[in-house]
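The values are calculated or read from the model by the stated rules, or taken from the named source; none is laboratory data. As the structure is a prediction and not an experimental result, all values here were calculated from the model. We place every Cβ from the backbone using ideal geometry, glycine too, and count neighbours over all the protein chains shown. For the accessible areas, the whole protein counts, side chains as well, though only heavy atoms, and no ligand, DNA or RNA atoms are used. Shrake-Rupley method; radii C 1.70, N 1.55, O 1.52, S 1.80 Å.
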Amino acid sequence: MTSPVALTIAGSDSSAGAGIQADLKTFAAFGVYGLTALTAVTAQNTTGVRAVQEISTELIAAQVEAVADDFQIGAVKTGMLAGVAIIEAVVEVVLRRGLRPLVVDPVMVAKSGARLLREDAVEALRQRLLPLADVVTPNLPEAQALTGRRLDSIADRIAAGRAILDLGARAVVVKGGHGEEDPVVDLLIDRDGVREFRAPRRLTRHTHGTGCTFSAAIAAGLAWGRPLAEAAGDARAYLDRALREAPELGHGHGPLNHFPAADRRERLRAGG
């Protein structure tokens, strides 16, 4: 059987815990063939980002065009886009090639605190990219930055999600990992209502790449043709296992285990 194909348009993480490296590992864990279009190269490890080199907008578009000419792309996700020019280039090529469904992870700040989206690009993200999104996956600080709302309660998070819908997105998952409640509550908000996904709060410093991994898992589910609610539920369960079985590497915010034992056992049972 031919594997579905998904494309990630994102930055590279030299420590391989986030960015396109996390996306590719997540796609592989879901049996999805991953394509990439790099937007930036970062020099980073689990303790911080040391340098960033953005890719030219012409080369970003050329990467997307090249793979779109050769593959039937079943889903696309965006990650680190850095600035206005890159956002505009991605919007143009996504529209030109009709790439859908589109998962937008509005990456703004690295786990270490380094800024990955310039402040003057937030409005371009809101006005140009979010209206194309089939689902947007902000964490709480990102949802607050996108809407200008305080998020002190679940009701506040739902209101912020609906404000993002008003920008044109078809659905939003407001992630609860930056909150304090246990279990963690992720909220899928669309025109039909609100669904909750809950998971135990994992008290660990090994959380590098959680946002990239979650959005990539949703994209993988959509590439398989699963309804969004099922893809989001699968992504939440996968992320929980990846956190629970994190390999405890690095001296800072360590990476996840993108191939947790539960998934390996399932593949063995299936003869894979």
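Shape class for the stretch 114-241: rounded, because the ratio a/c of the largest to smallest gyration tensor axis (alpha-carbon atoms, square roots of eigenvalues) is under 1.5. A Cβ-based charge dipole, computed about the Cα centre of the stretch 1-131 with Lys and Arg at +1 and Asp and Glu at -1, lands at about 340 debye.
Based on the alpha-carbon gyration tensor of the chain and its eigenvalue square roots a ≥ b ≥ c, which shape applies: rounded if a/c is under 1.5, prolate if not and a/b is larger than b/c, or oblate? Rounded is the answer for the chain, as its axis ratio a/c remains below 1.5.
Taking amide H as placed 1.01 Å from N in the peptide plane, the amide H of THR36 sits under 5 Å from that of THR8, each at least 5 places away or on another chain. Ignoring GluC sites (Glu not before Pro) that are buried or in helix or strand per DSSP, and keeping those with at most 16 other beta carbon atoms within 10 Å, what is the longest stretch of the chain between them? Excluding the exposed sites themselves, the longest stretch runs over 1-179. Per residue, the accessible area of the stretch 81-220 comes to 41 Å² when a 1.4 Å probe rolls over the protein heavy atoms. Most simply put, the stretch 1-76 has about 35% antiparallel DSSP beta bridges, counting only bridges with both residues inside it. For the stretch 174-180, the Karplus equation 6.51 cos²θ - 1.76 cosθ + 1.60, evaluated at θ = phi - 60°, returns couplings of 8, 7, x, x, 7, x, 10 Hz by residue, with Gly and Pro reported as x. Here the dipole of the chain is about 540 debye; that uses its Cα centre as origin and unit charges on the Cβ of Lys and Arg (positive) and Asp and Glu (negative). DSSP loop trypsin sites (Lys or Arg not before Pro) in the stretch 47-113 with at most 13 other Cβ atoms within 10 Å of their Cβ, which ones? Answer by residue number: there is no such site. Amide H to amide H, with H built 1.01 Å from N, VAL136 comes under 5 Å of VAL104, ALA171, VAL172, VAL173, counting only residues 5 or more places away or on other chains.
On the accessible surface of the chain, probed at 1.4 Å, how many percent belong to carbon and sulfur atoms? Heavy-atom surface of the chain belonging to carbon and sulfur, 1.4 Å probe: 51 percent.
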